[in-house]
Every structure is written in C-alpha cells, then in structure tokens.
1. Taking H placed 1.01 Å from N in the peptide plane, check which residues at least 5 places from V109 or on another chain put their amide H under 5 Å from its amide H.
2. Dividing the convex hull volume of the Cα atoms of the range 89-210 by its residue count, what figure in Å³ per residue is obtained?
3. Hey, can you find the accessible area per residue of the range 93-245 for me, probe 1.4 Å, expressed in square angstrom?
4. Between the range 143-184 and the range 233-251, how many Å separate their Cα centres?
5. Please list the non-local residues whose amide H lies under 5 Å from the amide H of F223, H modeled 1.01 Å from N, same-chain partners needing a gap of 5 or more.
6. Place the peptides 104-114, 216-226 in order of packing, highest mean first, counting for every residue the other Cβ atoms within 10 Å and averaging per peptide.
7. Sorted by average packing, counted as other Cβ atoms within 10 angstrom per residue and highest first, what order do 192-201, 237-246 take?
8. List the residues, sorted by chain then number, that are 5 or more residues from S172 or on another chain and whose placed amide H is less than 5 Å from its amide H.
Amino acid sequence: MTETSAQNGSLKNASPVRPANTTVELRVDDPAGAVHENIDGRRPQRTRAADPESAATVSLIIPVRNEARNIAWVLEHIVDDVHEIILVDGNSTDATLITASRCRPDIKVVAQEGTGKGSALRTGFLAATGDIIVMMDADGSMAPQEIRHYLHFLTNGYDFVKGSRFIVGGGSLDITAFRRLGNRFLLRVFNSLYDAELTDLCYGFCAFHRRYLDLLSLSASGFEIEAEMVVNAMQGGLRIAEVPSLEMPRRSGKSNLHAIRDGVRVLRTVLRGHDSGLAARLAQALSFGNDVQLAPAGPPAR
C-alpha cells in the first residue's frame, strides 16, 4: 500500500498518518484485496472491505452558545451528505435556537451537560445516531462544504480524519502570530512523543466512525478535547488522515479561546497520554492545581 505525501494539498493526496507500530498485511486470498491491520495485539484483527461504505449515515455535531448571528450561515451551507444535525446548546440566551429551527426544521437540539467545548462535544457524540460523526464550530470559521473531503477518506479506509490549516490547500485567515507559534510548539511536542508527522493539532474540524467512540475514551471538558481525540486515536492505532481546511475569521462575536490557559491544557493532555513516566510527571507539574483531574498515564480505556 502506498502512502501519499504529507505536503501534497490536493484532496486525493491528503496526508495520511500511520502510527509507527501499525503493520499492513495484504492477503491475496481475500475478496477484493481486503486489508488487515494488526496493531501490536492491542485490538482484534479487523477486515476493511475495499468498497466504500456508500450507505453510511452522517451525524454533524455543532456546539452553540449565543451564536444567533452565525448559525444561519453555517446551516445554510451544510451539504446534503449529512443526515442528522445535532445542535448542542450551552444555555444560549439569544435567538440561536429560534434561528436554527427556522433554517433547519429537522435539526435536533440537545442541552449541553457540563461546561466547556469538550463537554458540549461529548454530549453531542452520545446523542448521535449516524455511522459517521463530524464535528465543527458554529461561528462560521469552517466551511461546511469541506465535510465531503472528510467523508471521502472515511468511506475509503480511514478511521479518523482531521482538518489541517498548515498543508497545501489549507490556511487560516484568523490565527494570530502568537497562537501560530504556540500551535507549532504543541505540534512539535506531539510529533516527537508519538513519532507522528501531523501538520496541525489544535483544530476542531474532525470526523470519525462512531464505532470508535468508546476507543477514543474522551473526558476533556475544554478546548483540549481536540488534542485528546488525536492522542487517543493515535494510541488506539486508528488510521488517521489530514485534509486541507481553510479557517476563516469568526463571522460575528468573540471567541472563548484563551491562548495561554488553553495551550497549557492541550500540552498537559498530550503529555498525559504518552506511555512515559517523565511525560506523566510533566503533565502533573503543569496542572497548577487546576480543577481538571489527571488520569494515570497509559493507553485509553477499551
């Protein structure tokens, strides 16, 4: 099997990422050349059919809190490939829900459990019924039309697909120089610890097969959930692909992201997930008495 280059930005050559401990065995006695991936015995051997899962249903998860000025644009541009739209409401006090219902009468609204973006996404994931889960923001910074790129790879052999602003074909019209520097640092730490070649870590446009939700074992409550998903997907041996994505400026309002505070939470998440005593101790040192409890170092629960 030939892997494509990480720097080629075309859709058909988006960047696949394979954990170093993954081996691929092609068996000629299988129909249509089915592929078996063995991940050091950490999960059972599975067979991936060559034919795309054309009948797969798609659930789109959108966390919202006072996004009345943005949500209509987002919903109007959602592609027909999406079968279920779940709006996770974080106690909005404006006309977000009214506007959303008028744009899409078929929308499903669920109340967020807990606080923070991570809690909102986990609430939405549990409410989803589709075979594939896509997550994106409600502020208009992500183009819903790009969802088809993610679905293309998920229906052609990949398990987890994430957007990247930093490969050819992607970009950001919103990121500041300070945040870009922080992203590079966090990405370098991740790639060094996990022997990976990702190009973007802290970006919330992702999609995955719902059958892997338990394997991802998500617990984060804040923005660090994006890093937690990638860490656990890598630790779980999932096949990961990156696709180019253009991040646009928020259409209206102000982001709740705090670069330093949330950057520390991301770093702690990356260190905590690594099978290293030193990484775990560093993660504990970065807790600063934070109310987020650190789990013991080691692979995610199965």
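1. Close amide H contacts, sequence-distant or interchain: L87.
2. Numbers: hull volume 18.6 nm³, N = 122.
Residue-normalised Cα hull volume stands at 152 Å³.
3. Working: 5650 Å² over 153 residues.
With all protein chains present, the range 93-245 gives 37 Å² per residue.
4. After rounding, the separation between the Cα centres reads 5 Å.
5. For F223, whose amide H was placed from the backbone, the distant partners under 5 Å are K117, G118.
6. Numbers: 104-114: 13.9, 216-226: 21.3.
The packing order, highest mean first, is 216-226, 104-114.
7. Details: 192-201: 17.7, 237-246: 23.1.
Per-residue Cβ counts within 10 Å, averaged per peptide and sorted highest first, yield 237-246, 192-201.
8. Result for S172 returns E247.
The values are calculated or read from the model by the stated rules, or taken from the named source; none is laboratory data. From a predicted model like this one, the values you see are computed outputs, not experimental measurements. Cβ sites come from the backbone with ideal geometry, for glycine too, and all protein chains shown count toward neighbours. In case anyone asks, the SASA skips ligands and DNA or RNA and just uses the protein heavy atoms, side chains included. Shrake-Rupley method; radii C 1.70, N 1.55, O 1.52, S 1.80 Å.
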